[in-house]
Amino acid sequence: MNEEEIKNEELEVKKTANEEVKTTPEVKEEVENKPENEVEEVKTEETKTTEDEVKSEEVKVEEPQTTEDEVKSEEVKVEETKKPSKATPHTAAPIADEFLPENFNPFERPANPRFANRREQEFEEKIIQIKRVIKVTKGGRRFKFSALVVVGDKKGKVGYAIGKHIEVPEAIRKAVRQARKNLVSVKIAEGADTVPHEVIGHAGAARVMIKPAAEGKGVIASDVVRAVVELAGIRNVYSKNLGTNNPLNVVIASIDALVKMRTNDEISQLKAKPSKRVVKPETTTEQKKEVKDSEDQKESKGE
């Protein structure tokens, strides 16, 4: 390229730069030289640009506000999900708490709602005897433990049973379970907590006599009879073993004696009932002679 052409291009570049970037005095001169209409148009364009810029800034300011509202709405939704629903007692909300890892017990039997209102009866138990028994079979001897247990509520109910098992605790548990099924009711005299009258109970070779006692006398009896009488709810009584001392027979005899008890009302009712026996009228000696004479006459006539 020639030097002249290079100079021309430099001049053109400078002119374009001067046109783009104008100094303030030049701008003022142009505005002064321009007519009023053109000046107003320039001002309106400038105001429009400023208004557009303001609007864009407002939009930018509003954008974070909308995001805050969205965050709040999301927080409200999360709280609603966390809130427990208004559920009835039979819904799954309380069941979920029971089956939490810290509350869940896999060996606990769930409660039956049908028996929720049933009051549990309180029974006390006393172990009378524990012994080892042997059963001889074809394969050899089998050892087990036998437990004799008496159960009562101290309110007029008492029962007994025998449980057998390889282990002692399980034998006792079986005996208690069976004794609660064998309960009998006992008559107790009002006021003195004693038996109404004297009676003797029998069981095999065992005989147990039970007599009423005054208030404050206590239970005067052997260990076996004491256990049966106290669990029945009797606090004042005399007793005596008249036969064998086998614990099982003594328990059965003492319960038999308590079952035979009758109150005054029951005895009076029995006396008031008419007897079914037919009582023959008494005959005198003269009547007997007359009967014999009449029979002899009939025989002589028949001959």
Taking θ as phi - 60°, what are the ³J(HN,Hα) couplings along segment 229-236 by the Karplus curve (6.51, -1.76, 1.60), each to the nearest whole Hz, with x for Gly and Pro? 5, 5, 5, 6, x, 9, 10, 9
Whole-Hz ³J(HN,Hα) from phi, Karplus 6.51 cos²θ - 1.76 cosθ + 1.60, for segment 171-186, glycine and proline x: 5, 5, 5, 5, 5, 5, 4, 6, 5, 5, 8, 10, 6, 10, 8, 10
Karplus-derived 3J(HN,Hα), 6.51/-1.76/1.60, for each residue of segment 194-203, Hz, glycine and proline x: 9, 7, x, 7, 7, 7, 10, x, 10, 7
Taking N as the number of residues in segment 124-185, what is its alpha-carbon radius of gyration divided by 2.2 N^0.38 Å? 1.27
What is the distance, in nm, between label points placed 7 Å from the Cα along the Cα-to-Cβ direction at LEU270 and at LYS154? 3.1 nm
Above 20 angstrom, tally the Cα pairs of segment 199-272 and express them as a % of all pairs, no decimals. 30 percent
Long-range amide H partners of ARG207 with built H, under 5 Å: LEU242, GLY243, THR244
Set the bar at 24 Å for Cα to Cα. Now go through LYS181/LYS240; LYS126/LYS187; LYS217/LYS240 and name every pair that lies beyond it. LYS181/LYS240
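Here, each number is a calculation from the coordinates, and none is a lab measurement. It should be emphasised that the depicted structure is a prediction, and the values quoted were computed from it without experimental measurement. Cβ coordinates were reconstructed from backbone atoms using ideal geometry, including for glycine residues, and neighbour counts include every protein chain displayed.
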